[in-house]
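Let me begin by presenting the structure, written as structure tokens, before commenting on it.
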Amino acid sequence: MASGGVGADELRRTCGAWPTGVAVVTSAGPDGAPVGLAVNSFTSLSLDPPLVLFCAALSSTTWPHIRSAGRFLVQMLAADQHDVARVFARSGGDKFGGLAWHRRDGLPELDGIAAVLSCSMDGVYAGGDHEIAVGRVEAVETFGRRPLVFHDGDLHALPLARAS
């Protein structure tokens, strides 16, 4: 049981009741090779200055490469990218093999995403078994695709009918 009397499984189950978007954070490793990880702990932080944040597990083998690069892309996955989310959620291996992608300002960008934010690292803060990465947003682009959502332990597409 985690400190505070709440177990990890119980917290995961409870937080899973809250739907979140699914994003992939990518960068270039020390040799220029593409690296990336899936996150659902991504959010805007500030409009002025333009800041976003995501959380990366200390156990991640990819996170240290992104952290040391100092630049990264946050890519909001589109509703039809379930397979991409699963690839980037796993640990290790070549996550880009077999996927369509290109470089944006030297960083790997996946094809078919809903939106992308180009960021520079603004700060990294301790957060239990994760680190909280704050990025300064330097550029954004949206592509008009519906987002992929994580809810109740699975990936979903939303119909996104606009409320009038």
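For the reader, a short list of remarks on this structure follows.
- Exposed loop sites are taken as trypsin sites (Lys or Arg not before Pro) in a DSSP loop (any state but H, G, I, E or B) with at most 11 other beta carbon atoms within 10 Å; the longest stretch of the chain without one runs 1-89.
- Based on DSSP H segments of at least four residues, each scored -39500 (n - 2.57), the chain has a per-residue ellipticity at 222 nm of -3500 deg cm²/dmol.
- Normalised Debye scattering of the stretch 60-164 at q = 0.13, 0.22 Å⁻¹ gives log10 I(q)/I(0) of -0.56, -1.43, counting only Cα atoms as equal scatterers and leaving out solvent.
- Charge sum, other residues only, whose C-beta stays under 12 Å from Leu51's C-beta, Lys/Arg counted +1 and Asp/Glu -1: -2
- Residue among Ala33, Pro19, Gly127 farthest towards the positive dipole end of the chain, charges placed on Cβ: Pro19
FYI, it's all coordinate maths here, none of it is from the lab. Since the structure is predicted, the reported quantities are computational estimates derived from the model, not experimental observations. Methodologically, a virtual Cβ is constructed for each residue, glycine included, from the backbone with ideal geometry; neighbour enumeration extends over all protein chains shown.
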